[in-house]
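What follows is a set of notes on a single structure, which appears directly below.
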Amino acid sequence: MGQHSPQFGSVADVAKRLAEAGYLADDAIATTVFLADRLAKPLLVEGPAGVGKTELAKALATATGADLIRLQCYEGLDEARALYEWNYKKQLLRIQASAATASGESWDEVHDDIFTEEFLLARPLLTAIRRAEPTVLLIDETDKADVEVEGLLLEVLSDFQVTVPELGTIVASRRPIVVLTSNATRELSEALKRRCLYLALDYPSAEREREIVQAKVPDLAPKLAEQLVRTVRALRAMELKKSPSIAETLDWAHTLLALGLSTLDEAAVKSTLGVVLKHASDQERAATELRLN
Ligand SMILES: Nc1ncnc2c1ncn2[C@@H]1O[C@H](COP(=O)(O)OP(=O)(O)OP(=O)(O)O)[C@@H](O)[C@H]1O
Ligand SMILES: [Mg+2]
């Protein structure tokens, strides 16, 4: 099995290097990342939209000087897209070329030739396993894939090897750091969860969110950042179809800056609400509860 050499010296080291990569991690995040790295286990990050799941994997790659290989999951994703497939077009051309030149090659020779490395199309899982350089493998939105894909992931993530019948077994020479994300639109299988460390991500504390805003939108006045975060949190406390996430907080911060607003008063909230709330019913509810009408 491929070797994995730990990348982080301590929990504090994780937090420090993630922060340098632009990601502010609280203690739970830093600890789970540290353990995932130390125990060489995949990290499953679950939580609502826009709370920083994908960004964590990206920051982890930056922090460890690794390249990010991403497998984006969706309904209908199959082995050919996730793992590998044969390059049929190229194989066909090779067969035609052999026939055209009347080279006298036997079918066995042609067959042996077209099932070699040259004709293999590696997809993200195989690519990540074969890389000799430091790699973070992001398996994004795992819950969107069909259940069968989990079986495939189980195989790959248990042994970090892939068997291509025509080529043999390919073993990772260097284990990638693996991050799986899920919006929890469905439960992932217990078998898959058992192989992972689990991190539940939720909306951050007010203080942390303010720090994120200040880090990502440094030109926004601190007082405005504070008002902004307070308002977003008030919106999250309402029964909305879709609560605003950190992504929306940051969009709102950029909006206020672009409009040159110096305070988030009722008029400002009213005219920019579409940046954070994207359902008419949510906007109506917010307007009523914040008494904007
Ligand atoms: N702890 C954090 N530190 C810095 N930035 C953060 C943090 N958490 C979230 N962000 C910012 O929030 C935004 C949304 O994050 P991201 O895209 O990772 O969300 P997500 O959880 O993957 O959402 P989705 O489920 O919709 O894919 C990003 O722009 C990211 O920069
Ligand atoms: Mg994401």
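Below are the figures for this structure:
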| item | result |
| --- | --- |
| Cβ charges +1 (Lys, Arg) and -1 (Asp, Glu), total dipole of the chain, debye | 960 debye |
| Surface accessible to a 1.4 Å probe, per residue, for the residues of the chain, Å² | 50 Å² |
| Relative pair counts by distance (%), Cα atoms of the stretch 162-255, 10 Å bins | 12, 29, 23, 18, 11, 5, 0 |
| Listed residue (Ala287, Ile212, His254) projecting farthest to the positive dipole end of the stretch 206-289, Cβ model | Ile212 |
| Mean shadow area of the stretch 1-78 over all directions, Cα convex hull, nm² | 6.3 nm² |
| Value at 222 nm in deg cm²/dmol, rounded to 500, when DSSP H runs of n ≥ 4 in the chain each add -39,500 (n - 2.57) | -14500 deg cm²/dmol |
| Around Ala40: net Lys/Arg minus Asp/Glu count, Cβ-Cβ under 14 Å | +3 |
| Whole-percent carbon and sulfur share, accessible surface of the stretch 1-160, 1.4 Å | 54 percent |
| Expected-Rg normalisation [2.2 N^0.38 Å, Cα atoms] applied to the stretch 206-289 | 1.00 |
| Projected area, mean over directions - the chain, Cα convex hull, nm² | 19.3 nm² |
| Debye equation applied to the C-alpha atoms of the stretch 46-165, log10 I(q)/I(0) at 0.18, 0.19 Å⁻¹ | -0.99, -1.05 |
| Reachable aspartates and glutamates, given that their alpha-carbon falls under 14 Å from the alpha-carbon of Lys223 and they are not under 8 places away in the same chain | Glu207, Glu209, Glu211, Asp265 |
| Charge dipole magnitude, Cβ of K and R +1, D and E -1 - the stretch 135-265, Cα centre, debye nearest 20 | 420 debye |
| Greater than 18 Å apart at Cα, pairs in Lys53/Lys144; Lys193/Lys242; Lys16/Lys41 | Lys193/Lys242; Lys16/Lys41 |
| Charge tally in the Cβ shell below 15 Å around Glu284, where Lys, Arg are +1 and Asp, Glu are -1, Glu284 excluded | +3 |
| Percent accessible area from carbon and sulfur atoms, the stretch 206-289, protein chains only, probe 1.4 Å | 50 percent |
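The values are calculated or read from the model by the stated rules, or taken from the named source; none is laboratory data. Everything numeric here is computed off the predicted structure, so don't read it as measured data. As a convention, Cβ positions derive from the backbone with ideal geometry for all residues, glycine included, and neighbour counts pool all protein chains shown. These area figures cover heavy atoms from the full protein model, side chains too; ligands, DNA and RNA do not enter into them. Shrake-Rupley method; radii C 1.70, N 1.55, O 1.52, S 1.80 Å.
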